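Colleague: Quick one: the structure is below, and I'll ask about it shortly.
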Amino acid sequence: MEKTPAPDAEGAIETRGIEPVPDSERHGRVRELFPTWVAANISVLLLTMGAGLVVSNGLNFYQVLLVAVLAPIVSYGIVGVLTIAGKRGGAPGMTLSRAVFGQRGNLFPGAVTWIARWGWETINAVTGAYAVLTILNLLFGIKSNTPLIVVTLLFFVGATFTVSGMGRKVLLLCNKWSAYLFGAFSIAVLGYLIAETDWSAVFSRPAGSTALLVAGVGTIAAGGISWAPSGADFSRYLPRTASSKGIVGNTVAGAGIVVVPLVLMGAVMAVGTPDLAKATDPVSFIGKLLPMWLSVPYLLIALIGMLLINSMSMYSAGFTAQTLGFKIPRAWAVSVNAVISLVFGSLLMIVATSFISSFISFLTLLAVSFSAWIGVFGVDMLRGRVYDPKALMDTTRTSAYWYQGGFAWQAMTAWAAGLATGLCFTAVSWFSGPLAGTWLGKNGLGWAVTIVVAAVLYAVLPRQKAVAAAEAAEPVDLDKTLVG
């Protein structure tokens with residue numbers, strides 16, 4: 001059995017690990033999810049991705065608008081639904097996953113999720129470091145060099161480790177104020193663009209193909225999909241009576257209010273600066289397109305946003321590490337990912353020739369790797385799963401979630417089949433599956449195939465025989481469960 005939490009688990013510095021939060025300590029509010037998902041999307045990478053929709057996909061303004069609206073609805077709609085599991089079980093997503101895959105079986109999707117987090121945190125760290133370098137260049141004329149790259153990465157990763165290590169309350173406070181500040185400066189940037197942009201050039205662009213529009217939705221949505229295993233991490237302090245509709249609504253709205261304008265702004269910027277989507281780094285173009293009085297404060301706020309994105313990712317990664325069996329406090333589990341992102345980030349900034357190409361390739365594989373888990377976990381949750389807190393923390397053979405040798409073969413089979421099938425439809429710069437040339441593959445929908453295959457297969461396979469005592473109660477009304 002794993003340790004019981006300290007009484008002050010949600011003090012100024014959170015000490016609670018992966019153990020379920022008792023009902024008596026669930027004082028969270030659904031509206032807290034709105035700034036959480038605003039902060040999770042404060043990234044200048046969305047500007048670059050919006051530019052890519054124009055330059056690489058050949059879409060016009062109205063098509064980019066459609067992509068910008070659909071992508072967060074699809075991806076964060078999925079995240080929002082899976083976030084409901086947090087209020088049901090009061091534990092992080094990958095801990096609740098033990099009930100689905102078995103105590104040993106969960107190690108497989110858990111390991112994939114943890115490794116994938118390394119890449120996401122590396123991308124965020126690199127973007128943050130580029131923001132610092134751009135600010136130094138704009139203010140003091142200091143040019144980038146290898147020692148400075150390492151120093152800026154150390155600064156960014158160190159700040160990330162500090163915030164994520166302090167826990168949920170600090171993250172909530174930072175998310176709230178960063179959302180206000182970034183919103184205010186984004187409106188200022190939007191006003192500048194409205195005044196300075198050649199709108200006739202923006203609206204005169206011909207429409208691109210439907211296939212590339214679909215591909216654009218897939219690419220933008222892939223970033224949101226990567227948060228699906230983490231949704232419950234931020235809802236586990238919500239009371240069981242919290243509105244499920246409110247959880248989904250705040251998740252989609254928080255993400256959408258950032259994704260839509262940033263993607264559109266990137267598309268507008270790309271019309272006058274077509275090389276934006278192919279920039280050597282994802283940040284320096286802001287200093288070229290905006291006046292210093294606007295670009296510097298905007299980059300500073302964006303830097304805080306990217307730090308928070310990485311802090312949220314590392315916060316979840318700490319839980320995943322504990323779920324995998326690392327017998328260390330959550331804050332120290334975070335340090336493993338901090339060191340990894342520092343090493344990989346240095347390689348990406350110093351050695352890699354194209355940041356954007358590396359980012360898109362990574363994002364594509366990231367979405368597929370998480371989607372197999374989404375398909376299985378989602379079906380299991382929609383069946384009305386009731387989580388047994390004692391069984392979740394019991395990693396021995398006595399656990400109700402031990403199943404057969406520690407594995408739930410139905411979940412493992414569906415997960416593996418979904419992952420393998422999705423990779424067959426996936427193509428990146430250094431890997432191409434045998435079915436990547438099909439319509440689904442060309443449109444970047446390997447992640448969608450993965451979800452469907454994993455979900456359908458898990459749904460038709462017989463349910464696990466061994467169930468926790470809490471689940472032997474009368475069946476859950478799914479309509480009431482989803483409405484909240």
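The values are calculated or read from the model by the stated rules, or taken from the named source; none is laboratory data. Quick caveat, the model's predicted, so the values are computed rather than measured. Cβ coordinates were reconstructed from backbone atoms using ideal geometry, including for glycine residues, and neighbour counts include every protein chain displayed. In case anyone asks, the SASA skips ligands and DNA or RNA and just uses the protein heavy atoms, side chains included. Shrake-Rupley method; radii C 1.70, N 1.55, O 1.52, S 1.80 Å.
Colleague: Given the criteria among the charged types (D, E, K, R), surrounded by 24 or more Cβ atoms within 10 Å (Cβ to Cβ) and closer than 27 Å to Ala411 by Cβ, does Arg88 qualify?
Modeller: Details: among the charged types (D, E, K, R): yes; surrounded by 24 or more Cβ atoms within 10 Å (Cβ to Cβ): no; closer than 27 Å to Ala411 by Cβ: yes.
Against the criterion (among the charged types (D, E, K, R), surrounded by 24 or more Cβ atoms within 10 Å (Cβ to Cβ) and closer than 27 Å to Ala411 by Cβ), Arg88 does not qualify.
Colleague: Further, regarding this structure: Can you confirm whether the range 108-129 contains a residue that is over 18 Å from the mean Cα position of the chain (by Cα) and open to solvent by less than 20 Å² (accessible area, probe 1.4 Å)? Walk me through it before giving the result.
Modeller: So in the range 108-129, the residues over 18 Å from the mean Cα position of the chain (by Cα) come out as 108, 129.
Pick out the ones that are also open to solvent by less than 20 Å² (accessible area, probe 1.4 Å) and you get 129.
Looking for residues that are over 18 Å from the mean Cα position of the chain (by Cα) and open to solvent by less than 20 Å² (accessible area, probe 1.4 Å), one finds at least one in the range 108-129, hence yes.
Colleague: Now for a separate question. When the range 449-484 is examined, which residues are found to be under 23 Å from the mean Cα position of the chain (by Cα), open to solvent by 70 Å² or more (accessible area, probe 1.4 Å) and modelled with pLDDT of 90 or more?
Modeller: Listed by number, the list holds a single entry, Val452.
Colleague: Quick one: which of Thr251, Thr219 is within 22 Å of Gly378 (Cβ to Cβ), open to solvent by 10 Å² or more (accessible area, probe 1.4 Å), among the hydroxyl-bearing types (Ser, Thr, Tyr) and within 20 Å of the chain's Cα centre (by Cα)?
Modeller: Details: Thr251 fails: open to solvent by 10 Å² or more (accessible area, probe 1.4 Å).
Of Thr251, Thr219, the one residue that is within 22 Å of Gly378 (Cβ to Cβ), open to solvent by 10 Å² or more (accessible area, probe 1.4 Å), among the hydroxyl-bearing types (Ser, Thr, Tyr) and within 20 Å of the chain's Cα centre (by Cα) is Thr219.
Colleague: Continuing with the same structure: Residues of the range 139-160 being open to solvent by 40 Å² or more (accessible area, probe 1.4 Å) and either small (Gly, Ala, Ser) or free of Cβ contacts under 8 Å to residues at least 12 places away in the same chain (or both), which ones? Steps first, answer last, please.
Modeller: Of the range 139-160, the ones open to solvent by 40 Å² or more (accessible area, probe 1.4 Å) are 139-147, 150-151, 154-155.
Matches in the range 139-160: Phe140, Gly141, Ile142, Lys143, Ser144, Asn145, Pro147, Val151.
Colleague: Sticking with this one: Condition first: farther than 26 Å from Val163 by Cα and of a type in the set (A, V, I, L, M, F, W, C). Now tell me which residues in the range 103-144 satisfy that. Spell out how you get there, then give the answer.
Modeller: So in the range 103-144, the residues farther than 26 Å from Val163 by Cα come out as 103-109, 137-144.
Matches in the range 103-144: Leu107, Phe108, Leu138, Leu139, Phe140, Ile142.
Colleague: On to the next question. Could you please give the count of residues in the range 59-84 that are of a type in the set (Phe, Trp, Tyr) and under 15 Å from Leu212 (Cβ atoms)? Before you say what the answer is, go through the steps one by one.
Modeller: At the first step, the residues of the range 59-84 found to be of a type in the set (Phe, Trp, Tyr) are 61-62, 76.
Those left that are additionally under 15 Å from Leu212 (Cβ atoms): 61-62.
Residues in the range 59-84 being of a type in the set (Phe, Trp, Tyr) and under 15 Å from Leu212 (Cβ atoms): 2 in total.
Colleague: Let me ask something else about it. Out of the range 205-242, which residues are of a type outside the set (Gly, Ala, Ser), assigned to a helix (DSSP H, G or I) and within 25 Å of Arg98 (Cβ to Cβ)?
Modeller: Within the range 205-242, Ile225, Pro229, Asp233, Phe234 qualify.
Colleague: How many residues, within the range 413-448, are open to solvent by 20 Å² or more (accessible area, probe 1.4 Å) and farther than 19 Å from Phe359 by Cα?
Modeller: Residues flagged as open to solvent by 20 Å² or more (accessible area, probe 1.4 Å) and farther than 19 Å from Phe359 by Cα within the range 413-448 amount to 15.
Colleague: Do we have Lys176 as charged (D, E, K, R) and surrounded by fewer than 15 Cβ atoms within 10 Å (Cβ to Cβ) here?
Modeller: Working: charged (D, E, K, R): yes; surrounded by fewer than 15 Cβ atoms within 10 Å (Cβ to Cβ): no.
No, not satisfied.
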